[in-house]
Amino acid sequence: MVVPKIVICPVCGRRTYARIQDGGYLNEYPVRIYCINCRTLIRGTYNMSAPGQKGFILYNAKSEECDVESTRLIVKNADYKIEISGELPCALVSEFDGSIPRTTTFLDATNQLDMKTHIDRLAVFSTNIDNWKRYRSIAFQLLDEGSLDYLPKALMNKMGDYSYVCDNYLKSLHCLQEIAREESSYLFCQKSEDSIINDLLSELSAVDEQELHRFVIDSGGVNAFVDRYRKVMSVFTSFMNIYPNVLPAETYLRYRNQDASLGIATCSFEDIKSFYQDSYEALLSLFYIPVCIDNILVRKNYTNFDNNITRYINDPRFRNPNGTDYEKYFGMDKGKKADLINNSDPIQGIIQLSANKQIRNGIGHNSFSYDGITQTITAYSNRNKAQTVQKSLIEVAMDCIGLTKSSIIMGEIILFILRQELRSEGIRSVIHPRFYGDVGLNDRCPCGSGIKFKKCCRAEIGSMRVISE
Ligand SMILES: [Zn+2]
Ligand SMILES: [Zn+2]
């Protein structure tokens, strides 16, 4: 159902005719509307169900009903028109000729999507976001502030639906990861999150244990990896704050035919640019972890970098010419690390980090412009002010989704490292029981240890029980 409403610009008074998708599957969603005339950004939410409050709750503008001349279906009180949906991509704001439009991009969505899956996805999204706000986020806040003592209690000693007593911190981290995985599962669409994790653990199972250990010691030891896990999880938790803003982009990922003229009505660049910059920084500062593991897997030694990196750091013009290759790689700036990502190496290829350094530099140096009417972001060179890249808001929103996916995969890699390193100290954890499926006793354990299942996770998996709600 499409509901019409008029939004009045608080600055210039021009009116925008909003065609709102109502009766969708979300209770409430954020709304962003640009005034074409004066470029004021109108912010608020649209509420579908609150008794007595149904409709727009605009923070900085007022709305009114349409004044329709009924015989000719002409709207008399509007200058511009826009579509609003919390879950679908929308037509951008444009001039309005007065006559009520007959079709919407919302109708087109039924051709673009498998509607049953779409509806199921939104139901899970709504439940997950509610649970996130009500209690699930607490454990992440405790982790973020380094307060691990109460983590098991905050996690209710649960891994998904299974009871799992977190009697060591490694188990707590695995229960956290399971929440992050569950909350983020719909960010993955071409390939499911579980199958990517399976592929990852299967690759990791071939990592030479001694060489991995040398890498861990050289890069600060086990405790440093707990800090790194905290850092990748901060990308995920920040994403949860903007998830409702980018939900239409998540839907767009599933469109059969992507239409570059579509925008999103739940988001402005302002809402996502800090997330983009911060997560880019965090993930690239930790990117040596998958790079060094690829070095082990492909070139036997964690300091044997691929040809492109080796050539770059041994170029006489490189600014830190002394030290080992490993130290020189650390000395590279993040933009260069982004340029030298090698997706043909196994682990980097699974992470698929979607980091655009021009956009990041544009945000970081404040040398970008955003046009909220066309929803276009243009980044400029800090040096000569030349345009470096142009992207639509929905593309940047999809990149935010990509960065979050990468953070979840990086989290899995760090937990794998911790499992391998802590095993000798008797500190152990399993991954979620569903990953063990129909594994045979003598098969390699699905957790990636490289050990036979019967000697690795079997005993613990056998004792885990589903908690009935
Ligand atoms: Zn205005
Ligand atoms: Zn195992």
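Tabulated data
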item: Subset of region 435-469 (residues that are of a type in the set (Ser, Thr, Tyr) and either outside the structural domain of SER424 (by TED's automatic domain parsing) or over 17 Å from LEU201 (Cα atoms) (or both)); result: SER463, SER468
item: Residue under evaluation SER429, criteria (1) more than 9 Å from ligand 2 (Cβ to nearest atom); (2) under 21 Å from MET233 (Cα atoms); (3) in a helix (DSSP H, G or I), criterion not met; result: (3)
item: In region 36-67, the residues that are assigned to a loop (DSSP other than H, G, I, E, B), open to solvent by 80 Å² or more (accessible area, probe 1.4 Å) and away from ligand 1 (no atom under 11 Å from the Cβ); result: PRO51, GLY52, GLN53, LYS54, TYR59, GLU65
item: Those residues of region 390-401 which are in a helix (DSSP H, G or I) and touching a residue at least 60 places away in the same chain (Cβ under 8 Å), in sequence order; result: LEU393, ILE394, VAL396, ALA397, MET398, ASP399, CYS400, ILE401
item: Test: ILE373 is surrounded by fewer than 19 Cβ atoms within 10 Å (Cβ to Cβ), touching a residue at least 24 places away in the same chain (Cβ under 8 Å) and not in a strand (DSSP E or B); result: yes
item: In region 79-104, the residues that are within 35 Å of the chain's Cα centre (by Cα) and basic (Lys, Arg); result: LYS81
item: Whichever residue in region 202-232 is among the aliphatic types (A, V, I, L, M) and part of a loop (DSSP other than H, G, I, E, B) and, among such residues, is most open to solvent (accessible area, probe 1.4 Å); result: ALA206
item: Flag if ILE217 is under 22 Å from ILE431 (Cα atoms), out of contact with any His (no Cβ under 8 Å at 6 or more places or on another chain) and either assigned by TED's automatic domain parsing to the domain that holds GLU83 or not charged (D, E, K, R) (or both); result: no
item: Identity of the residue in region 411-436, under 20 Å from PRO152 (Cβ atoms) and loosely packed, with under 15 Cβ neighbours inside 10 Å, that ends up farthest from ligand 1 (Cβ to nearest atom); result: GLY426
item: Per-region count, region 105-123, residues farther than 22 Å from MET398 by Cβ and either of a type in the set (Ser, Thr, Tyr) or free of Cβ contacts under 8 Å to residues at least 24 places away in the same chain (or both); result: 2
item: Residue within region 379-393 that is within 15 Å of the chain's Cα centre (by Cα) and of a type in the set (Ser, Thr, Tyr) present; result: no
item: Residue identified as open to solvent by 40 Å² or more (accessible area, probe 1.4 Å), in a loop (DSSP other than H, G, I, E, B) and either closer than 30 Å to CYS90 by Cα or within 16 Å of ligand 1 (Cβ to nearest atom) (or both) among ASN361, ASN366; result: ASN366
item: Selection from region 75-105 of residues that are at pLDDT 90 or above and either open to solvent by 60 Å² or more (accessible area, probe 1.4 Å) or more than 11 Å from TYR17 (Cα to Cα) (or both); result: LYS76, LYS81, SER85, GLY86, GLU87, LEU88, PRO89, CYS90, ALA91, LEU92, GLU95, ASP97
item: Residues located in region 9-35, provided they are within 13 Å of ligand 1 (Cβ to nearest atom) and within 15 Å of ILE84 (Cβ to Cβ); result: ARG15, THR16, ILE33, TYR34, CYS35
item: Test: MET115 is over 20 Å from the mean Cα position of the chain (by Cα), of a type in the set (A, V, I, L, M) and at positive phi; result: no
item: Search result, residues across region 10-31 that are at pLDDT 95 or above, part of a strand (DSSP E or B) and open to solvent by 30 Å² or more (accessible area, probe 1.4 Å); result: ARG15
item: Pairs with Cβ under 8 Å, 6+ apart, first in region 69-86 and on the phi > 0 side of the Ramachandran plot, second open to solvent by less than 60 Å² (accessible area, probe 1.4 Å) and of a type in the set (Ser, Thr, Tyr); result: LEU73/SER99
item: Residue selected from region 437-448 under the condition open to solvent by 10 Å² or more (accessible area, probe 1.4 Å) and touching a helix residue (DSSP H, G or I) at 6+ places or on another chain (Cβ under 9 Å), by the criterion nearest to VAL222 (Cα to Cα); result: PRO446
item: Number of positions in region 183-201 that are in a helix (DSSP H, G or I) and surrounded by fewer than 14 Cβ atoms within 10 Å (Cβ to Cβ); result: 1
item: Hey, CYS166 in a helix (DSSP H, G or I) and either within 20 Å of GLN420 (Cα to Cα) or touching a residue at least 24 places away in the same chain (Cβ under 8 Å) (or both) or not; result: no
item: Region 149-170, residues that are hydrophobic (A, V, I, L, M, F, W, C) and open to solvent by 50 Å² or more (accessible area, probe 1.4 Å); result: MET156, VAL165
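The values are calculated or read from the model by the stated rules, or taken from the named source; none is laboratory data. Because the structure is a prediction, the values reported are computed rather than measured. Don't worry about glycine lacking a Cβ; one is built from the backbone with ideal geometry, like all the others, and counts go over all protein chains shown. Keep in mind that these areas ignore ligands, DNA and RNA; they rest on the heavy atoms of the full protein, side chains included. Shrake-Rupley method; radii C 1.70, N 1.55, O 1.52, S 1.80 Å.
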